[in-house]
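Read the figures in this text as sums done on the coordinates, not as results from a lab. Just so it is clear, the structure is predicted and the values come from calculations on it, not from any experiment. Neighbour counts run over all protein chains shown; Cβ positions are idealised from the backbone, glycine included.
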Amino acid sequence: MYVPSPFEENRTDVLHGLIRAHSFGVLVTLNGGGLNANHIPFEVGADPAPFGTLRAHVVRANPVWREFSRKVEALAIFQGPQAYITPAWYRTKQETGKVVPTYNYAVVHAYGIPRIVQEREWLRGLVGRLTERHEAGRPDPWKVTDAPADYIEKMLDAIVGIELPITRLIGKWKVSQNRPAADRDGVVKGLRETNDLGRLAMAELVEKGSEKS
C-alpha cells in the first residue's frame with residue numbers, strides 16, 4: 001500500500017482500535033491457484049508485542065485453511081470510515097479555484113503467516129468472545145449457552161480457527177492532513193451537514209488529524 005508520510009499512522013493502539021471498531025476484514029492468502037480473499041470477522045489481541053495477533057474462524061468446508069501458502073505472508077485488510085470529499089467544501093475553491101475532488105479513508109493492513117487451530121477450547125473461547133462483543137449492545141444479548149450444548153458441539157466441529165501473529169502493521173489515515181486549516185474546517189462542516197453516520201465518523205478523524213498536524 002502506498003502511504004505518503006502525511007497519511008502514515010503507526011501507533012499500534014490506534015491501529016488496533018480501528019480493527020476492533022471495524023472487525024469484519026478481508027483475509028488475502030496465496031494458494032496454488034493464485035490470490036484468495038475471504039471476508040470474515042476478526043478479533044485482535046495485544047500479544048505478542050509489538051503488533052499483537054489476529055484470530056478468526058472459517059467453516060471447515062472452506063479450503064482456505066488447507067491451501068494457503070505457509071511460506072508467504074497473508075494480508076488482513078480492515079476498512080474504517082471513508083467519504084467522498086467535494087472541492088466545494090474548500091475555502092481554496094473560492095480563493096483560487098485550484099481544487100479537485102478526493103476520497104478520505106482510514107485503513108489497516110496486517111501481515112503474518114497464518115496458523116491453523118483446531119483445539120476445541122480455543123474455538124469455543126473465540127466464538128464466545130465474538131458473540132459477546134457483537135451482542136453487547138442488544139437489550140437481551142444472545143449467549144452461546146442459550147443454544148443446546150450438543151448443537152454447539154456440532155457447530156464447533158464445522159469450523160476451523162485461524163491465528164495470525166502480526167509481523168507488519170500498516171495504517172493509512174487519509175483525512176485531509178495535506179489541506180490548509182481552512183479547507184479542513186470546511187471538510188468537517190460539510191461532512192457533518194450530511195448527517196450520515198459514516199461521514200460523521202470521518203469528520204471526527206479529520207478533526208483529530210488536524211490536531212496532530
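Between the helical axis of 120-135 and the longest alpha-carbon principal axis of the chain there is an angle of about 40 degrees.
Taking a straight line from the alpha carbon of residue 71, these lysines sit under 29 Å away, with near neighbours fewer than eight places off in the same chain left out: 172. On the basis of the beta-carbon distance and an R0 of 35 Å, residue 1 and residue 157 show a calculated FRET efficiency of 0.40. In segment 1-152, a dipole from Cβ-located charges (positive for Lys and Arg, negative for Asp and Glu) runs towards its positive end, and of 33, 125, 45 it is 33 whose Cα lies farthest in that direction.
Sorting 14, 160 by the number of Cβ atoms found within 10 Å of their own Cβ, with the fewest placed first, yields 14, 160.
Could you tell me how many degrees, from 0 to 90 and to the nearest 10, lie between the Cα long axis of helix 181-193 and the main elongation axis, the longest principal axis, of the Cα atoms of the chain? The helix 181-193 is inclined about 60 degrees to the chain. Cβ crowding within 10 Å ranks 130, 15, 200, 75 as 200, 130, 75, 15, fewest other Cβ atoms first. Centre-to-centre, using Cα atoms only, segment 7-56 and segment 135-154 are separated by 26 Å. Going from the residue with the fewest nearby Cβ atoms within 10 Å to the one with the most, 72, 28 rank 72, 28.
Taking a straight Cα-Cα cut-off under 21 Å and skipping sequence neighbours fewer than 8 places away in the same chain, the lysines within cross-link reach of residue 93 are 174, 189. Go ahead and run the numbers for FRET between residue 208 and residue 143, Cβ-Cβ distance against an R0 of 35 Å, rounding to 0.05. Efficiency, from the Cβ-Cβ distance: 0.50. The string of couplings for segment 75-88 from the Karplus curve (6.51, -1.76, 1.60, θ = phi - 60°) is 10, 10, 10, 10, 9, x, x, 8, 6, 6, 10, 7, x, 4 Hz, one whole number per residue in order, with x for Gly and Pro.
Mind checking the angle between helix 197-212 and the chain's longest principal axis? C-alpha axes, 0 to 90 degrees, to the nearest 10. For 197-212 against the chain, the angle is about 70 degrees.
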